[in-house]
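The values are calculated or read from the model by the stated rules, or taken from the named source; none is laboratory data. Quick caveat, the model's predicted, so the values are computed rather than measured. Every residue, glycine among them, receives a Cβ derived from its backbone with ideal geometry; neighbour counts consider all protein chains shown. All accessible areas refer to the heavy atoms of the entire protein, side chains included, with ligands and DNA or RNA removed. Shrake-Rupley method; radii C 1.70, N 1.55, O 1.52, S 1.80 Å.
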Amino acid sequence: MAIPSFFRNFAGDMPFAFHIDIVNLVFKGILIGIIASAPMGPVGILCIQRTLNKGRWYGFVTGIGAAVSDIIYALITGFGMSFVMDMINNAHYQYLLQVFGSIMLLCFGIYCYRSDPMKNMHVSGKQKGSLVHNAVTAFFVTFSNPLIIFLFIAMYAQFTFVVPNHPIEMCLGYLSIPFGALLWWYGLTWLVDKIRGIFDTSGILIINKVIGSIVIIFSLIVLFGTVFNLYQLPHY
């Protein structure tokens with residue numbers, strides 16, 4: 001997936017030297033962080049509950065705990081895929097890997113749309129506790145679900161995110177993943193806090209279906225573009 005022309009033109013007009021591949025990876029990393037955080041799983045519901053019951057910042061630190069867990073799994077996935085990508089120098093195999101990632105992400109979007117996030121949810125108590133305690137408990141709730149690795153595999157493959165032998169670019173790319181996740185959690189807690197008077201469980205279902213629909217549409221667009229060669233894979 002290539003970065004939008006706006007970002008490309010903006011970077012090209014900068015008065016100082018700036019490698020466009022870094023902008024590309026950071027843009028992809030932010031998208032990966034948002035997509036990984038957006039589905040209304042147990043920690044998403046916990047974040048909403050804490051925002052409603054305890055206040056916005058308790059909900060936001062819940063998202064911070066989840067983001068820390070996500071970056072750990074993101075790094076584990078990235079290190080594993082770097083060995084695979086280092087051996088795949090053939091453009092045909094890279095093409096197949098990207099198609100595979102698009103299909104996996106499409107399946108994830110369908111699952112997200114059809115799932116009921118209210119099942120097996122973690123109930124937040126009325127006692128506030130400290131901000132650190134809320135962040136730590138959210139970390140363990142998220143970390144207890146290693147299946148997110150498959151989601152990272154799908155996104156890494158679709159976005160051709162892993163670039164072996166480019167440590168500086170990849171460090172910035174990985175750092176952009178929790179940044180994207182925190183953007184999502186900040187926006188979610190802001191929205192829930194603003195509409196707390198009318199927000200109920202049906203709102204959680206609606207958010208989940210909207211997110212699932214966006215992922216489905218996005219993955220279909222990228223899959224279509226990959227199959228019909230509407231854009232080329234980046235060369236590093």
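Each row is one residue, and each column tells you yes or no for (1) free of Cβ contacts under 8 Å to residues at least 12 places away in the same chain; (2) touching a Ser or Thr at 6+ places or on another chain (Cβ under 8 Å); (3) open to solvent by 10 Å² or more (accessible area, probe 1.4 Å); (4) not in a helix (DSSP H, G or I).
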residue	(1), (2), (3), (4)
D21	no, no, yes, no
G29	no, yes, no, no
A36	no, no, yes, no
I45	no, no, no, no
L75	no, no, yes, no
Where residues in the stretch 147-160 are at pLDDT 85 or above and surrounded by fewer than 16 Cβ atoms within 10 Å (Cβ to Cβ), which of them is farthest from I76 (Cα to Cα)? F150
Sole exception among (1) without any contact (Cβ under 8 Å) to a residue 40 or more places away in the chain; (2) within 28 Å of G101 (Cα to Cα); (3) of a type in the set (V, I, T); (4) not in a helix (DSSP H, G or I) for I198, by number: (2)
Do you know which residues across the stretch 188-205 are modelled with pLDDT of 85 or more and open to solvent by 60 Å² or more (accessible area, probe 1.4 Å)? W190, L191, K194
Conditions: (1) assigned to a helix (DSSP H, G or I); (2) touching a Gly at 6+ places or on another chain (Cβ under 8 Å). L191 meets all but one. Number of the miss? (2)
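Could you say which residue among F179, F224, F152, F140 is closer than 21 Å to T62 by Cβ, of a type outside the set (A, V, I, L, M) and over 15 Å from the mean Cα position of the chain (by Cα)? Give the derivation first.
Details: F179 fails: over 15 Å from the mean Cα position of the chain (by Cα); F224 fails: closer than 21 Å to T62 by Cβ; F152 fails: over 15 Å from the mean Cα position of the chain (by Cα).
Answer to the check: F140.
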Here are some conditions: (1) surrounded by 15 or more Cβ atoms within 10 Å (Cβ to Cβ); (2) at pLDDT below 75. G12 meets all but one. Which one does it not meet? (1)
The residue that is modelled with the lowest pLDDT, considering only those in the stretch 161-187 that are within 14 Å of A74 (Cβ to Cβ) and in a loop (DSSP other than H, G, I, E, B), is V162
